Amino acid sequence: MTVLPVPDAAIIVVAAGSGTRLGADAPKALVGIDDRTILRHALDGVFAAAPMQVIVVAPAGFEGDAETELRAAAGDRADLGRVVVGGDTRQRSVAAGLAALWADVRIVLVHDAARALTPSALIDAVTESVRGGEDAGVIPALPVVDTLKRVDAADVVAAVDRSILAAAQTPQGFPREQLEAAYAVAIASGAEYTDDAALFAAAGHAVQHISGAERAFKITVPADLERARHLLEDAAEPARAPRHSAASLPRVGVGTDVHAFGGEGNLWLAGLEWPGEQPLSGHSDGDAVAHAIVDALLAAAGLGDIGEHFGTAHPEYAGAHADVFLARTRELLGEAGFVIGNVSVQFQGNRPRFSARRAEAEQALSAALGGAPVAVAATTTDGLGFPGRGEGIAVTAVALVVAVQGAPVR
Ligand code: CTP
Ligand code: MG
């Protein structure tokens, strides 16, 4: 029989939260993404990394479920795994995990089960970085992409320089001795920290960061679960179109939309509000121009259609305006490895009189798409058809997208 070496690293996978913001009827870690739970996916990543002790911190009463997930993910390395019961704060859950460390462990990683799709390479990178460092903590972090503002109630008080900020992820890695000591101090003082790195730093230790991973995002709200589902679906069907030399060519997509005039309030069209104009009816704000653009972009990237991503099954988009739809669409394309080339859209309708606000509309739509040029045209139909009778608006959009080099092409 081969005797396997005892690993000198351990990972504490905290999964004891209730998942209030996700709002499912089970603890978050036990919610399914596809046919596997959040916890199972997290553990699949952990067991694909270099062997280490794996401590799963489970919600009280769900130890058995956690044990089942652990065994399934561990395969023939069940000897590495163990389940303990968590506490009523994340910090207490981590402390419960620390108490179960093997004597030989020198490096401890603390990881949110909620970061279910974290690549195993990131786990290894954190371990190696702690191993190669001088007793510093190591966290994965991503640059902040959004423009940040300091606010006070409704007022924007100041701009914040995002170049000096980074968004922290897990797993966060630490030298064991220092982490245990820092936890002992925190528990004795009753102080609660936002993450393990903050607790570790409060004890006077250095913390460094390495490059995080987009896929290490935390599943917090239902939209995050949706994002994880899409990422997994994409991996499961890597080719909706065959991979061949055409993959390097730009791709076009077409989208159309029709909305009838009706309802209360002002018209929303082409990303703008039109005071005094009759609104269009629809699940969201009825902005048929924005909806046709979304369909064209999704089609170009082979990502399905608007109903799939924003339909009535997604109540969070009820009443949403173009900027929300377009920004999310751009994000979906980005995740699938596409950048937007340009968009051309034309609507048929008697109203609104569009030309005076064309530049404003194009700018708003383009801004929501991260700056990709958007051209909007309007035409009447010589009194013919429903647009000509003033019953509604018909829109056609064409989008061009390009697969970024090295990205998966479907
Ligand atoms: N966690 C834990 N014990 C707690 C609270 C949180 O082990 N008492 C874990 C969660 O299971 C999760 C991670 O810490 O993997 C990050 O926490 P969060 O995303 O906030 O999860 P929840 O606390 O479950 O969610 P919510 O805050 O929405 O209730
Ligand atoms: Mg929480």
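Looking only at the stretch 110-132, count every residue that is away from ligand 1 (no atom under 16 Å from the Cβ) and acidic (Asp, Glu) and tell me the total.
2
Condition first: free of Cβ contacts under 8 Å to residues at least 60 places away in the same chain and either more than 21 Å from GLY263 (Cα to Cα) or in a helix (DSSP H, G or I) (or both). Now tell me which residues in the stretch 280-296 satisfy that.
Answer for the stretch 280-296, where residues must be free of Cβ contacts under 8 Å to residues at least 60 places away in the same chain and either more than 21 Å from GLY263 (Cα to Cα) or in a helix (DSSP H, G or I) (or both): just VAL294.
Quick test of your reading of the structure: GLY45 fulfils all but one of (1) touching a residue at least 60 places away in the same chain (Cβ under 8 Å); (2) within 18 Å of SER120 (Cβ to Cβ); (3) within 10 Å of ligand 1 (Cβ to nearest atom). Name the failing condition by number.
With respect to (1) touching a residue at least 60 places away in the same chain (Cβ under 8 Å); (2) within 18 Å of SER120 (Cβ to Cβ); (3) within 10 Å of ligand 1 (Cβ to nearest atom), GLY45 is out only on (3).
Which ranges mark the helices (runs of 4 or more DSSP H) fully within the stretch 297-410 that have 3 or more residues being of a type in the set (A, V, I, L, M, F, W, C) and farther than 30 Å from SER248 by Cβ?
358-368
Which count do you get for residues in the stretch 198-219 that are touching a residue at least 40 places away in the same chain (Cβ under 8 Å) and assigned to a loop (DSSP other than H, G, I, E, B)?
Going through the stretch 198-219 one residue at a time, the tally reaches 7.
Could you give every pair whose Cβ atoms fall below 8 Å, whose first residue belongs to the stretch 254-276 and is without any contact (Cβ under 8 Å) to a residue 24 or more places away in the chain, and whose second residue is of a type in the set (S, T, N, Q) and surrounded by fewer than 22 Cβ atoms within 10 Å (Cβ to Cβ), counting only separations of at least 6 or pairs across chains?
These pairs meet every condition: GLY262/GLN278; GLY262/SER281; GLY263/SER281; GLU273/ASN266; PRO275/ASN266; GLY276/ASN266.
Is it the case, given these coordinates, that GLY212 is within 16 Å of ligand 1 (Cβ to nearest atom) and either surrounded by 13 or more Cβ atoms within 10 Å (Cβ to Cβ) or modelled with pLDDT of 95 or more (or both)?
yes
Among the residues of the stretch 335-344, is any of a type outside the set (Gly, Ala, Ser), without any contact (Cβ under 8 Å) to a residue 40 or more places away in the chain and assigned by TED's automatic domain parsing to the domain that holds LEU280?
No; the residues of the stretch 335-344 include none that is of a type outside the set (Gly, Ala, Ser), without any contact (Cβ under 8 Å) to a residue 40 or more places away in the chain and assigned by TED's automatic domain parsing to the domain that holds LEU280.
Six or more apart or on different chains, Cβ under 9 Å: which pairs go from a residue in the stretch 183-197 that's free of Cβ contacts under 8 Å to residues at least 60 places away in the same chain and surrounded by fewer than 13 Cβ atoms within 10 Å (Cβ to Cβ) to one that's aliphatic (A, V, I, L, M) and not in a loop (DSSP other than H, G, I, E, B)? Could you list them?
Pairs found: ALA191/VAL185; ALA191/LEU199; ALA191/ALA202; THR194/ALA168.
Please find, within the stretch 227-236, the residue that is modelled with the lowest pLDDT out of those that are under 19 Å from GLY307 (Cβ atoms) and away from ligand 1 (no atom under 16 Å from the Cβ).
Looking at the filtered set, the residue picked out is ASP234.
Filter the stretch 122-147 down to the residues that are part of a helix (DSSP H, G or I) and either without any contact (Cβ under 8 Å) to a residue 12 or more places away in the chain or closer than 30 Å to ALA159 by Cα (or both), then identify the one that is farthest from the chain's Cα centre (by Cα).
Taking the candidates together, the pick is GLY132.
Quick one: would you say GLY61 is without any contact (Cβ under 8 Å) to a residue 12 or more places away in the chain and of a type in the set (Gly, Ala, Ser)?
The answer is yes for GLY61.
Within the stretch 1-58, work out how many residues are away from ligand 2 (no atom under 16 Å from the Cβ), more than 19 Å from ARG82 (Cα to Cα) and not in a loop (DSSP other than H, G, I, E, B).
Within the stretch 1-58, residues that are away from ligand 2 (no atom under 16 Å from the Cβ), more than 19 Å from ARG82 (Cα to Cα) and not in a loop (DSSP other than H, G, I, E, B) number 1.
Given the criterion away from ligand 1 (no atom under 15 Å from the Cβ), acidic (Asp, Glu) and assigned to a loop (DSSP other than H, G, I, E, B), identify the matching residue among ASP104, ASP79.
Just a single option satisfies the conditions, and that option is ASP104.
Of all residues in the stretch 179-194, which are touching a helix residue (DSSP H, G or I) at 6+ places or on another chain (Cβ under 7 Å) and in a helix (DSSP H, G or I)?
Matches in the stretch 179-194: LEU179, GLU180, ALA182, TYR183, ALA186, ILE187.
When you go through LEU148, LEU98, LEU165 one by one, which is the residue that is more than 16 Å from ligand 2 (Cβ to nearest atom) and under 30 Å from GLY32 (Cβ atoms)?
Within the list LEU148, LEU98, LEU165, the selection yields LEU98.
Against the conditions (1) assigned to a helix (DSSP H, G or I); (2) closer than 30 Å to GLY370 by Cβ, where does ALA158 fall short? Just the number, please.
Evaluating ALA158 over (1) assigned to a helix (DSSP H, G or I); (2) closer than 30 Å to GLY370 by Cβ leaves (1) as the failure.
Scanning the stretch 1-42 for residues that are of a type in the set (A, V, I, L, M), more than 19 Å from the chain's Cα centre (by Cα) and more than 12 Å from ligand 1 (Cβ to nearest atom), which turns out farthest from PHE62 (Cα to Cα)?
MET1
Can you tell me how many residues within the stretch 336-364 are within 22 Å of GLY302 (Cβ to Cβ) and either in contact with a strand residue (DSSP E or B) (Cβ under 6 Å, 6 or more places away or on another chain) or not hydrophobic (A, V, I, L, M, F, W, C) (or both)?
Count: 9.
The values are calculated or read from the model by the stated rules, or taken from the named source; none is laboratory data. Since the structure is predicted, the reported quantities are computational estimates derived from the model, not experimental observations. Using ideal geometry, Cβ is built from the backbone for each residue, glycine included, and neighbour counts are taken over all protein chains shown.
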